[in-house]
Amino acid sequence: MANRLSRRQILAIGAASLAGGVVWPKAGHANRHGGSAQYQPAGAQAKSQGGRPYWQKTYSGGPIDVAPLPPGLPGDHYKPVIVPNGAALPFKVVDGAKVFHLVAEEVDHGFDSGLRANCWGYNGRVNSTVIEAVEGERIRIYVTNRLPVATSVHWHGLYLPNGMDGVGGLTQPYIKAGETAKYEWTLRQYGSFMFHSHHDEMTQMGMGLIGMFIVHPRNPSPEYHVDRDFSLMVSEWSVKAGTARPNTVDMSDFNVLTINGKVFPSTAPLVCKTGDRVRLRLGNLGATDHHPMHIHGHHFRVAATDGEDIPLSAQWPETTVLVAVGQTRNVELVTDAPGDWAFHCHMTHHVMNQMGHEFPNMVGMKRGDLDEKIRPLLPAYMTHGHTGMDMGKMAEVMPYPRNTISMKGATGPFGDYISMGGLFTIVKVRDRLKSYDDDPGWYQPAPGTVALKASDAELARDGITVNEPSTGGGQSAPGSATTAPAAVDPTPSRMDPAKRH
Ligand SMILES: [Cu+2]
(Lines give C-alpha, C1' and ligand atoms only; values in the text may rest on other atoms or scores of the structure.)
Protein backbone atom coordinates (compact mmCIF):
# COMPACT_ATOMS: atom_id res chain seq x y z
CA MET A 1 0.00 0.00 0.00
CA ALA A 2 2.93 2.34 0.78
CA ASN A 3 4.03 1.88 -2.80
CA ARG A 4 0.70 2.85 -4.25
CA LEU A 5 0.32 6.55 -3.57
CA SER A 6 -2.34 8.67 -5.11
CA ARG A 7 -1.40 11.65 -7.22
CA ARG A 8 -2.65 13.90 -4.40
CA GLN A 9 -0.45 12.10 -1.84
CA ILE A 10 2.57 12.46 -4.11
CA LEU A 11 1.91 16.17 -4.45
CA ALA A 12 1.57 16.46 -0.65
CA ILE A 13 4.87 14.65 -0.08
CA GLY A 14 6.52 16.83 -2.68
CA ALA A 15 5.39 19.97 -0.88
CA ALA A 16 6.59 18.60 2.47
CA SER A 17 9.92 17.74 0.90
CA LEU A 18 10.32 21.27 -0.30
CA ALA A 19 9.46 22.61 3.12
CA GLY A 20 11.46 20.27 5.31
CA GLY A 21 13.89 18.17 3.32
CA VAL A 22 13.53 14.54 2.34
CA VAL A 23 10.43 12.73 3.63
CA TRP A 24 10.94 9.08 4.37
CA PRO A 25 8.05 6.58 4.38
CA LYS A 26 6.58 6.07 7.85
CA ALA A 27 8.56 3.34 9.64
CA GLY A 28 5.47 1.63 11.09
CA HIS A 29 6.80 -1.91 10.73
CA ALA A 30 10.39 -1.31 11.79
CA ASN A 31 10.17 -3.80 14.67
CA ARG A 32 9.78 -6.77 12.38
CA HIS A 33 13.38 -7.90 13.09
CA GLY A 34 13.07 -7.65 16.87
CA GLY A 35 14.22 -5.14 19.47
CA SER A 36 11.94 -2.68 21.12
CA ALA A 37 13.89 0.57 20.82
CA GLN A 38 13.88 2.00 17.38
CA TYR A 39 17.23 2.92 15.88
CA GLN A 40 17.77 6.65 15.82
CA PRO A 41 19.89 7.62 12.83
CA ALA A 42 22.82 9.62 14.15
CA GLY A 43 22.69 11.96 11.20
CA ALA A 44 19.21 13.06 12.20
CA GLN A 45 20.18 14.20 15.71
CA ALA A 46 20.23 17.92 16.41
CA LYS A 47 23.80 19.05 16.83
CA SER A 48 25.04 21.24 19.61
CA GLN A 49 28.26 21.79 21.47
CA GLY A 50 28.51 22.91 25.04
CA GLY A 51 24.84 23.87 25.04
CA ARG A 52 25.31 26.00 21.95
CA PRO A 53 23.01 25.22 19.05
CA TYR A 54 24.54 24.25 15.73
CA TRP A 55 22.85 27.13 13.98
CA GLN A 56 23.12 30.36 15.87
CA LYS A 57 20.18 32.68 15.71
CA THR A 58 22.30 35.16 13.83
CA TYR A 59 25.72 35.55 12.32
CA SER A 60 25.28 39.25 11.70
CA GLY A 61 24.79 40.65 15.19
CA GLY A 62 20.98 40.66 15.07
CA PRO A 63 18.83 43.78 14.81
CA ILE A 64 20.83 46.89 13.95
CA ASP A 65 18.57 49.31 15.83
CA VAL A 66 19.42 48.14 19.36
CA ALA A 67 19.82 50.82 22.03
CA PRO A 68 23.53 51.46 22.57
CA LEU A 69 25.29 51.13 25.91
CA PRO A 70 27.35 53.97 27.43
CA PRO A 71 30.82 54.53 25.93
CA GLY A 72 33.57 52.41 27.47
CA LEU A 73 36.59 54.34 28.70
CA PRO A 74 40.24 53.24 28.81
CA GLY A 75 41.39 52.35 32.30
CA ASP A 76 37.83 52.18 33.60
CA HIS A 77 36.28 49.71 31.20
CA TYR A 78 39.16 48.27 29.26
CA LYS A 79 42.90 48.00 29.31
CA PRO A 80 44.18 49.57 26.09
CA VAL A 81 46.04 47.44 23.60
CA ILE A 82 49.74 48.04 23.04
CA VAL A 83 50.56 49.19 19.51
CA PRO A 84 54.30 48.79 18.90
CA ASN A 85 55.49 51.62 16.64
CA GLY A 86 51.96 53.03 16.57
CA ALA A 87 49.06 54.29 18.65
CA ALA A 88 45.32 54.13 19.16
CA LEU A 89 43.26 56.86 17.52
CA PRO A 90 42.05 59.47 20.07
CA PHE A 91 38.29 59.94 20.55
CA LYS A 92 35.84 62.16 22.36
CA VAL A 93 32.38 61.44 23.71
CA VAL A 94 29.54 63.54 22.33
CA ASP A 95 25.97 62.90 23.52
CA GLY A 96 26.74 59.34 24.52
CA ALA A 97 28.52 58.40 21.27
CA LYS A 98 32.22 57.87 20.82
CA VAL A 99 33.51 60.13 18.05
CA PHE A 100 36.68 59.45 16.05
CA HIS A 101 38.27 61.48 13.28
CA LEU A 102 40.19 59.38 10.80
CA VAL A 103 42.27 61.29 8.25
CA ALA A 104 43.52 59.58 5.09
CA GLU A 105 46.62 61.40 3.90
CA GLU A 106 50.06 61.13 2.38
CA VAL A 107 52.71 60.18 4.94
CA ASP A 108 56.47 60.42 4.61
CA HIS A 109 57.03 57.06 6.24
CA GLY A 110 60.23 55.57 7.60
CA PHE A 111 60.26 51.76 7.36
CA ASP A 112 63.68 51.82 8.97
CA SER A 113 66.44 54.35 9.47
CA GLY A 114 67.63 53.79 5.91
CA LEU A 115 64.39 53.66 3.95
CA ARG A 116 61.63 56.20 3.60
CA ALA A 117 58.81 56.32 1.11
CA ASN A 118 55.86 58.51 0.31
CA CYS A 119 53.05 56.28 1.51
CA TRP A 120 49.41 56.79 2.31
CA GLY A 121 48.21 56.32 5.85
CA TYR A 122 45.76 57.34 8.52
CA ASN A 123 46.47 60.20 10.92
CA GLY A 124 50.14 60.48 10.11
CA ARG A 125 50.94 56.80 10.56
CA VAL A 126 51.25 53.90 8.17
CA ASN A 127 49.59 50.56 9.11
CA SER A 128 49.81 51.47 12.78
CA THR A 129 46.81 53.65 13.65
CA VAL A 130 44.43 51.46 15.67
CA ILE A 131 40.77 52.12 16.36
CA GLU A 132 39.87 50.83 19.81
CA ALA A 133 36.31 50.63 21.12
CA VAL A 134 34.00 48.66 23.41
CA GLU A 135 31.18 46.26 22.62
CA GLY A 136 27.72 47.84 22.76
CA GLU A 137 28.76 51.45 22.35
CA ARG A 138 27.74 53.84 19.62
CA ILE A 139 30.62 54.97 17.45
CA ARG A 140 30.78 57.79 14.92
CA ILE A 141 33.81 57.91 12.67
CA TYR A 142 34.44 60.93 10.48
CA VAL A 143 36.75 60.14 7.59
CA THR A 144 38.49 63.11 6.02
CA ASN A 145 40.08 62.46 2.67
CA ARG A 146 43.29 64.47 2.18
CA LEU A 147 44.47 62.20 -0.61
CA PRO A 148 44.58 63.44 -4.21
CA VAL A 149 41.97 60.78 -5.16
CA ALA A 150 38.68 59.38 -3.89
CA THR A 151 38.65 56.73 -1.18
CA SER A 152 36.29 54.87 1.19
CA VAL A 153 36.80 52.89 4.41
CA HIS A 154 35.56 49.35 4.99
CA TRP A 155 35.25 48.01 8.54
CA HIS A 156 36.50 44.47 8.12
CA GLY A 157 34.68 41.79 10.12
CA LEU A 158 32.27 44.20 11.80
CA TYR A 159 28.49 43.86 12.01
CA LEU A 160 26.97 47.07 10.71
CA PRO A 161 24.19 48.47 8.57
CA ASN A 162 24.87 47.77 4.92
CA GLY A 163 25.30 51.45 4.09
CA MET A 164 28.15 51.72 6.62
CA ASP A 165 30.13 48.87 5.06
CA GLY A 166 32.34 51.22 3.12
CA VAL A 167 32.56 49.53 -0.27
CA GLY A 168 33.08 52.45 -2.64
CA GLY A 169 30.43 52.51 -5.33
CA LEU A 170 28.46 49.59 -3.86
CA THR A 171 27.30 50.70 -0.42
CA GLN A 172 28.19 54.39 -0.64
CA PRO A 173 29.44 57.06 -3.02
CA TYR A 174 33.19 57.63 -2.97
CA ILE A 175 34.65 60.01 -0.42
CA LYS A 176 36.12 62.44 -2.92
CA ALA A 177 39.34 64.36 -2.39
CA GLY A 178 38.77 67.01 0.22
CA GLU A 179 35.46 65.52 1.48
CA THR A 180 34.63 64.19 4.93
CA ALA A 181 32.22 61.27 5.29
CA LYS A 182 30.46 60.07 8.45
CA TYR A 183 30.16 56.44 9.48
CA GLU A 184 28.00 55.60 12.49
CA TRP A 185 26.74 52.41 14.05
CA THR A 186 26.43 50.48 17.31
CA LEU A 187 29.05 47.81 17.99
CA ARG A 188 27.29 44.49 18.50
CA GLN A 189 30.33 42.27 18.95
CA TYR A 190 33.87 42.24 20.28
CA GLY A 191 37.14 40.93 18.88
CA SER A 192 40.09 41.79 16.65
CA PHE A 193 39.01 43.34 13.37
CA MET A 194 40.52 45.63 10.75
CA PHE A 195 39.74 48.60 8.53
CA HIS A 196 41.03 49.52 5.11
CA SER A 197 40.34 51.46 1.97
CA HIS A 198 37.78 49.72 -0.22
CA HIS A 199 38.30 51.80 -3.34
CA ASP A 200 41.11 51.07 -5.82
CA GLU A 201 42.18 48.52 -3.23
CA MET A 202 45.36 47.36 -4.93
CA THR A 203 46.72 50.89 -4.97
CA GLN A 204 45.30 52.31 -1.78
CA MET A 205 45.87 49.33 0.53
CA GLY A 206 49.28 48.85 -1.10
CA MET A 207 50.09 52.48 -0.28
CA GLY A 208 49.30 51.81 3.37
CA LEU A 209 45.61 52.51 4.02
CA ILE A 210 45.05 49.65 6.49
CA GLY A 211 44.67 49.37 10.27
CA MET A 212 43.51 47.22 13.17
CA PHE A 213 40.09 47.76 14.76
CA ILE A 214 39.96 46.34 18.29
CA VAL A 215 36.64 45.96 20.11
CA HIS A 216 36.88 45.00 23.78
CA PRO A 217 34.11 42.94 25.38
CA ARG A 218 31.84 44.66 27.86
CA ASN A 219 32.07 43.15 31.37
CA PRO A 220 34.61 40.59 30.19
CA SER A 221 35.25 37.25 31.87
CA PRO A 222 38.35 37.00 34.11
CA GLU A 223 40.11 35.04 31.37
CA TYR A 224 39.97 38.02 29.04
CA HIS A 225 42.35 40.03 31.21
CA VAL A 226 45.97 39.84 30.13
CA ASP A 227 49.10 41.65 31.22
CA ARG A 228 50.20 42.47 27.69
CA ASP A 229 47.79 42.84 24.77
CA PHE A 230 49.64 43.58 21.52
CA SER A 231 48.13 44.71 18.22
CA LEU A 232 50.27 43.70 15.24
CA MET A 233 49.36 44.35 11.61
CA VAL A 234 51.56 42.62 9.06
CA SER A 235 51.88 43.73 5.46
CA GLU A 236 54.16 43.69 2.44
CA TRP A 237 55.50 46.29 0.07
CA SER A 238 57.43 46.62 -3.13
CA VAL A 239 59.80 49.57 -2.86
CA LYS A 240 62.49 49.35 -5.51
CA ALA A 241 65.94 50.54 -4.47
CA GLY A 242 66.37 54.25 -4.85
CA THR A 243 62.67 54.95 -5.48
CA ALA A 244 60.46 57.08 -3.28
CA ARG A 245 57.07 55.37 -3.64
CA PRO A 246 55.76 51.86 -3.10
CA ASN A 247 55.14 50.05 -6.38
CA THR A 248 51.58 48.86 -5.93
CA VAL A 249 51.51 47.19 -9.35
CA ASP A 250 53.92 44.52 -8.16
CA MET A 251 52.04 41.30 -7.46
CA SER A 252 54.67 38.94 -6.10
CA ASP A 253 58.14 40.40 -5.70
CA PHE A 254 57.65 42.17 -2.38
CA ASN A 255 60.86 43.32 -0.75
CA VAL A 256 59.72 45.19 2.35
CA LEU A 257 57.81 43.08 4.88
CA THR A 258 56.47 44.95 7.86
CA ILE A 259 54.93 44.67 11.30
CA ASN A 260 52.94 47.82 12.04
CA GLY A 261 54.74 49.46 9.11
CA LYS A 262 58.28 48.70 10.32
CA VAL A 263 60.98 46.21 9.40
CA PHE A 264 63.38 44.64 11.89
CA PRO A 265 65.49 46.04 13.52
CA SER A 266 63.11 49.00 13.68
CA THR A 267 60.23 46.86 14.94
CA ALA A 268 59.77 47.71 18.62
CA PRO A 269 60.36 44.66 20.84
CA LEU A 270 57.43 43.06 22.65
CA VAL A 271 58.50 43.57 26.26
CA CYS A 272 57.01 41.17 28.82
CA LYS A 273 57.67 39.99 32.34
CA THR A 274 58.22 36.39 33.25
CA GLY A 275 54.82 34.87 33.90
CA ASP A 276 52.83 37.52 32.04
CA ARG A 277 49.64 36.54 30.29
CA VAL A 278 50.11 37.78 26.75
CA ARG A 279 47.76 38.20 23.81
CA LEU A 280 49.04 38.83 20.31
CA ARG A 281 46.40 40.16 17.91
CA LEU A 282 47.68 39.52 14.42
CA GLY A 283 46.11 40.95 11.29
CA ASN A 284 47.15 40.66 7.65
CA LEU A 285 46.02 43.09 4.97
CA GLY A 286 48.98 42.63 2.62
CA ALA A 287 48.44 42.20 -1.10
CA THR A 288 48.91 38.49 -1.70
CA ASP A 289 51.02 36.73 0.93
CA HIS A 290 49.90 34.74 3.93
CA HIS A 291 52.26 34.78 6.87
CA PRO A 292 52.96 31.84 9.21
CA MET A 293 53.96 33.73 12.34
CA HIS A 294 56.23 31.69 14.59
CA ILE A 295 57.30 32.11 18.20
CA HIS A 296 60.41 30.70 19.84
CA GLY A 297 60.73 29.17 23.31
CA HIS A 298 56.97 29.05 23.93
CA HIS A 299 53.75 27.62 22.58
CA PHE A 300 50.57 29.60 22.22
CA ARG A 301 46.88 28.80 21.91
CA VAL A 302 45.03 30.03 18.84
CA ALA A 303 42.24 31.70 20.79
CA ALA A 304 40.17 33.80 18.38
CA THR A 305 39.68 34.79 14.77
CA ASP A 306 37.95 37.81 13.28
CA GLY A 307 34.90 35.56 13.31
CA GLU A 308 34.76 34.93 17.03
CA ASP A 309 36.47 33.57 20.14
CA ILE A 310 37.31 29.92 19.73
CA PRO A 311 35.83 27.83 22.60
CA LEU A 312 38.63 26.60 24.88
CA SER A 313 37.78 23.01 23.99
CA ALA A 314 38.46 23.82 20.33
CA GLN A 315 41.54 26.01 20.71
CA TRP A 316 44.68 24.31 19.56
CA PRO A 317 48.31 24.67 20.60
CA GLU A 318 50.77 25.93 18.02
CA THR A 319 54.15 27.53 17.65
CA THR A 320 53.21 28.90 14.23
CA VAL A 321 49.91 30.46 13.27
CA LEU A 322 49.05 31.16 9.66
CA VAL A 323 47.61 34.62 9.22
CA ALA A 324 46.17 34.72 5.74
CA VAL A 325 45.39 37.87 3.82
CA GLY A 326 42.18 39.29 5.23
CA GLN A 327 42.35 37.36 8.50
CA THR A 328 43.00 38.18 12.13
CA ARG A 329 44.19 35.67 14.68
CA ASN A 330 44.47 36.11 18.44
CA VAL A 331 47.06 33.89 20.06
CA GLU A 332 47.57 33.72 23.80
CA LEU A 333 50.47 32.51 25.89
CA VAL A 334 52.21 32.83 29.23
CA THR A 335 55.72 34.19 28.73
CA ASP A 336 57.29 32.01 31.40
CA ALA A 337 60.76 31.68 29.86
CA PRO A 338 63.08 34.68 30.27
CA GLY A 339 65.11 35.57 27.21
CA ASP A 340 65.12 37.29 23.83
CA TRP A 341 62.77 35.15 21.80
CA ALA A 342 62.36 35.57 18.06
CA PHE A 343 58.83 36.12 16.77
CA HIS A 344 58.74 36.17 13.00
CA CYS A 345 57.17 35.05 9.77
CA HIS A 346 58.49 31.61 8.90
CA MET A 347 58.67 32.26 5.17
CA THR A 348 62.40 32.80 4.88
CA HIS A 349 62.02 35.39 2.13
CA HIS A 350 59.78 37.40 4.42
CA VAL A 351 62.52 37.92 7.00
CA MET A 352 64.75 39.63 4.45
CA ASN A 353 64.92 43.34 4.02
CA GLN A 354 64.90 45.11 0.70
CA MET A 355 66.28 42.88 -2.02
CA GLY A 356 65.59 41.73 -5.53
CA HIS A 357 65.19 38.08 -6.40
CA GLU A 358 66.19 38.13 -10.05
CA PHE A 359 69.76 36.88 -10.01
CA PRO A 360 71.31 33.47 -10.68
CA ASN A 361 71.95 30.99 -7.89
CA MET A 362 75.61 31.39 -6.83
CA VAL A 363 75.62 28.96 -3.92
CA GLY A 364 78.60 26.60 -4.33
CA MET A 365 80.27 28.65 -7.09
CA LYS A 366 84.09 28.91 -6.88
CA ARG A 367 84.58 32.65 -6.83
CA GLY A 368 88.39 32.73 -6.97
CA ASP A 369 89.65 36.27 -7.41
CA LEU A 370 86.61 37.40 -9.39
CA ASP A 371 85.70 40.12 -6.92
CA GLU A 372 89.22 41.61 -7.00
CA LYS A 373 89.24 41.62 -10.81
CA ILE A 374 85.90 43.38 -11.03
CA ARG A 375 86.49 45.98 -8.33
CA PRO A 376 88.58 48.35 -10.49
CA LEU A 377 85.41 48.69 -12.55
CA LEU A 378 82.88 48.41 -9.73
CA PRO A 379 84.39 49.46 -6.39
CA ALA A 380 83.32 47.26 -3.49
CA TYR A 381 81.85 44.69 -5.89
CA MET A 382 80.89 41.47 -4.11
CA THR A 383 79.72 38.33 -5.85
CA HIS A 384 76.30 37.65 -4.58
CA GLY A 385 75.90 34.73 -2.30
CA HIS A 386 78.42 32.05 -3.33
CA THR A 387 78.17 30.73 0.23
CA GLY A 388 74.79 32.15 0.89
CA MET A 389 74.50 35.73 2.00
CA ASP A 390 76.88 37.21 4.51
CA MET A 391 74.66 40.03 5.61
CA GLY A 392 77.18 41.70 7.85
CA LYS A 393 79.96 41.63 5.24
CA MET A 394 77.65 42.88 2.55
CA ALA A 395 76.45 45.69 4.78
CA GLU A 396 80.06 46.75 5.37
CA VAL A 397 81.38 46.36 1.85
CA MET A 398 78.61 47.01 -0.61
CA PRO A 399 77.51 50.53 -1.34
CA TYR A 400 73.75 50.83 -1.45
CA PRO A 401 71.73 53.16 -3.60
CA ARG A 402 70.28 56.12 -1.83
CA ASN A 403 67.13 55.32 0.18
CA THR A 404 67.62 51.58 0.52
CA ILE A 405 67.87 49.26 3.46
CA SER A 406 70.27 46.39 3.20
CA MET A 407 69.26 42.81 3.72
CA LYS A 408 71.01 42.92 7.06
CA GLY A 409 69.19 42.65 10.31
CA ALA A 410 71.19 44.01 13.21
CA THR A 411 74.31 43.29 15.19
CA GLY A 412 73.31 41.09 18.11
CA PRO A 413 74.71 40.69 21.63
CA PHE A 414 77.63 38.50 20.47
CA GLY A 415 78.85 40.90 17.79
CA ASP A 416 77.46 38.72 15.01
CA TYR A 417 74.72 39.79 12.66
CA ILE A 418 71.17 38.64 13.18
CA SER A 419 70.60 37.75 9.56
CA MET A 420 66.91 38.54 9.55
CA GLY A 421 64.99 41.69 8.80
CA GLY A 422 61.47 42.22 7.60
CA LEU A 423 58.71 40.41 9.45
CA PHE A 424 60.74 39.86 12.57
CA THR A 425 60.59 41.15 16.09
CA ILE A 426 61.76 40.04 19.52
CA VAL A 427 59.68 39.04 22.51
CA LYS A 428 61.85 40.23 25.41
CA VAL A 429 60.89 38.35 28.57
CA ARG A 430 62.51 39.47 31.81
CA ASP A 431 62.17 38.50 35.48
CA ARG A 432 62.41 42.15 36.45
CA LEU A 433 61.64 45.27 34.46
CA LYS A 434 61.93 48.92 35.29
CA SER A 435 59.20 49.69 32.82
CA TYR A 436 57.40 47.96 29.98
CA ASP A 437 58.08 51.05 27.91
CA ASP A 438 61.87 50.76 27.93
CA ASP A 439 63.78 48.33 25.78
CA PRO A 440 65.58 46.22 28.39
CA GLY A 441 68.53 45.62 26.06
CA TRP A 442 69.91 42.20 25.20
CA TYR A 443 69.17 39.28 27.46
CA GLN A 444 71.99 38.37 29.85
CA PRO A 445 71.96 34.57 29.96
CA ALA A 446 73.18 32.70 33.01
CA PRO A 447 76.68 31.19 32.67
CA GLY A 448 76.61 27.82 30.99
CA THR A 449 73.28 28.39 29.22
CA VAL A 450 74.58 29.65 25.87
CA ALA A 451 75.64 27.50 22.90
CA LEU A 452 79.32 28.45 22.68
CA LYS A 453 82.30 26.89 20.92
CA ALA A 454 82.97 23.50 22.50
CA SER A 455 86.25 23.15 24.37
CA ASP A 456 88.84 20.43 23.65
CA ALA A 457 88.18 19.00 27.10
CA GLU A 458 84.45 18.73 26.41
CA LEU A 459 85.08 17.07 23.05
CA ALA A 460 87.51 14.59 24.59
CA ARG A 461 85.18 13.80 27.47
CA ASP A 462 82.32 12.93 25.14
CA GLY A 463 84.38 11.20 22.47
CA ILE A 464 83.55 13.68 19.74
CA THR A 465 85.94 13.51 16.80
CA VAL A 466 85.74 16.53 14.57
CA ASN A 467 88.12 15.65 11.73
CA GLU A 468 86.67 12.35 10.60
CA PRO A 469 83.78 11.51 8.28
CA SER A 470 80.46 12.15 9.91
CA THR A 471 78.22 9.28 10.88
CA GLY A 472 74.62 8.96 9.93
CA GLY A 473 73.52 6.93 12.90
CA GLY A 474 71.46 3.79 12.87
CA GLN A 475 74.22 1.17 12.78
CA SER A 476 76.88 2.34 15.19
CA ALA A 477 76.89 1.29 18.82
CA PRO A 478 76.38 4.04 21.36
CA GLY A 479 79.63 5.64 22.43
CA SER A 480 81.77 4.15 19.63
CA ALA A 481 83.35 6.56 17.19
CA THR A 482 82.56 5.21 13.74
CA THR A 483 85.22 5.91 11.15
CA ALA A 484 83.32 4.88 8.04
CA PRO A 485 80.19 6.60 6.75
CA ALA A 486 77.08 4.87 8.01
CA ALA A 487 75.76 2.20 5.70
CA VAL A 488 72.87 3.28 3.55
CA ASP A 489 69.93 0.93 3.32
CA PRO A 490 69.56 0.34 -0.43
CA THR A 491 65.93 -0.71 -0.07
CA PRO A 492 63.54 2.12 -0.83
CA SER A 493 61.44 2.54 2.26
CA ARG A 494 58.33 3.49 0.32
CA MET A 495 58.31 0.83 -2.38
CA ASP A 496 55.16 0.79 -4.45
CA PRO A 497 53.21 -2.22 -3.11
CA ALA A 498 52.01 -3.05 -6.60
CA LYS A 499 55.58 -3.65 -7.75
CA ARG A 500 56.31 -6.13 -5.01
CA HIS A 501 55.96 -9.84 -5.66
CU1 LIG B 1 55.49 35.95 5.61
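For segment 274-289, the set of residues classified as closer than 30 Å to P338 by Cα and not aliphatic (A, V, I, L, M) consists of T274, G275, D276, R277, R279, R281, G283, N284, listed by residue number. Within the set of pairs 6+ apart or on separate chains, which have a first residue in segment 333-353 that is without any contact (Cβ under 8 Å) to a residue 24 or more places away in the chain and open to solvent by 20 Å² or more (accessible area, probe 1.4 Å), a second that is within 16 Å of the ligand (Cβ to nearest atom) and in a strand (DSSP E or B), and C-beta atoms under 9 Å apart? Listed pairs, sorted by first residue: H349/L257; H349/G422. Whether any residue in segment 182-190 is under 27 Å from T58 (Cβ atoms), in contact with a Ser or Thr (Cβ under 9 Å, 6 or more places away or on another chain) and without any contact (Cβ under 8 Å) to a residue 12 or more places away in the chain is what I want to check. No. If the condition is being within 16 Å of the ligand (Cβ to nearest atom) and either within 20 Å of Y159 (Cα to Cα) or among the aliphatic types (A, V, I, L, M) (or both), then segment 279-309 contributes L280, L282, G283, N284, L285, A287, M293, I295. Residues in segment 422-444 that are assigned to a loop (DSSP other than H, G, I, E, B) and aromatic (F, W, Y) were compared, and the one that is farthest from the ligand (Cβ to nearest atom) is Y436.
Could you go through segment 40-53 and let me know if any residue there is open to solvent by less than 70 Å² (accessible area, probe 1.4 Å) and either in a loop (DSSP other than H, G, I, E, B) or modelled with pLDDT under 75 (or both). So far as segment 40-53 goes, yes, one or more of its residues are open to solvent by less than 70 Å² (accessible area, probe 1.4 Å) and either in a loop (DSSP other than H, G, I, E, B) or modelled with pLDDT under 75 (or both). In the set (1) more than 29 Å from F111 (Cβ to Cβ); (2) open to solvent by 20 Å² or more (accessible area, probe 1.4 Å); (3) within 24 Å of the chain's Cα centre (by Cα), H198 fails one condition alone, (1). For segment 198-209, the condition of being closer than 23 Å to F91 by Cα and assigned to a strand (DSSP E or B) holds for none of the residues.
Considering the conditions (1) open to solvent by less than 10 Å² (accessible area, probe 1.4 Å); (2) on the phi < 0 side of the Ramachandran plot; (3) not aromatic (F, W, Y), G208 is excluded by exactly one of them, (2).
When segment 220-261 is examined, which residues are found to be in a strand (DSSP E or B) and within 15 Å of the ligand (Cβ to nearest atom)? Break it down into steps so the answer makes sense when it comes.
From segment 220-261, those in a strand (DSSP E or B) are 228-237, 256-259; that's our starting set.
Across segment 220-261, the qualifying residues are L232, M233, V234, S235, E236, W237, V256, L257, T258, I259.
Among the residues of segment 138-150, some residue qualifies, meaning at least one is of a type outside the set (A, V, I, L, M), more than 30 Å from P311 (Cα to Cα) and open to solvent by less than 10 Å² (accessible area, probe 1.4 Å).
Across segment 175-195, the qualifying residues are those that are open to solvent by less than 10 Å² (accessible area, probe 1.4 Å) and among the hydroxyl-bearing types (S, T, Y), and the one among them that is farthest from the ligand (Cβ to nearest atom) is T186. Of all the residues in segment 255-273, those that are open to solvent by less than 20 Å² (accessible area, probe 1.4 Å) and more than 22 Å from A337 (Cα to Cα) number 9. Within segment 442-461, residues that are under 27 Å from A342 (Cβ atoms) have Cβ atoms under 6 Å from residues that are open to solvent by less than 80 Å² (accessible area, probe 1.4 Å) in these pairs: W442/P413; Y443/G339; Y443/D340, counting only partners at least 6 apart in sequence or on another chain.
D65 meets the conditions (1) farther than 21 Å from N219 by Cα; (2) part of a strand (DSSP E or B) in every case but one. The failed one is (2).
Every listed requirement among (1) under 21 Å from the mean Cα position of the chain (by Cα); (2) at pLDDT below 95; (3) open to solvent by 10 Å² or more (accessible area, probe 1.4 Å); (4) of a type outside the set (A, V, I, L, M) is met by S238 save one, (3). Scanning segment 310-357 for residues that are under 30 Å from G51 (Cα atoms) and more than 16 Å from the ligand (Cβ to nearest atom) yields a total of 12.
The values are calculated or read from the model by the stated rules, or taken from the named source; none is laboratory data. Remember, predicted model here, so these are calculated numbers, not experimental data. Methodologically, a virtual Cβ is constructed for each residue, glycine included, from the backbone with ideal geometry; neighbour enumeration extends over all protein chains shown. What goes into the accessible areas is simple: the full protein's heavy atoms, side chains included, and nothing from ligands, DNA or RNA. Shrake-Rupley method; radii C 1.70, N 1.55, O 1.52, S 1.80 Å.
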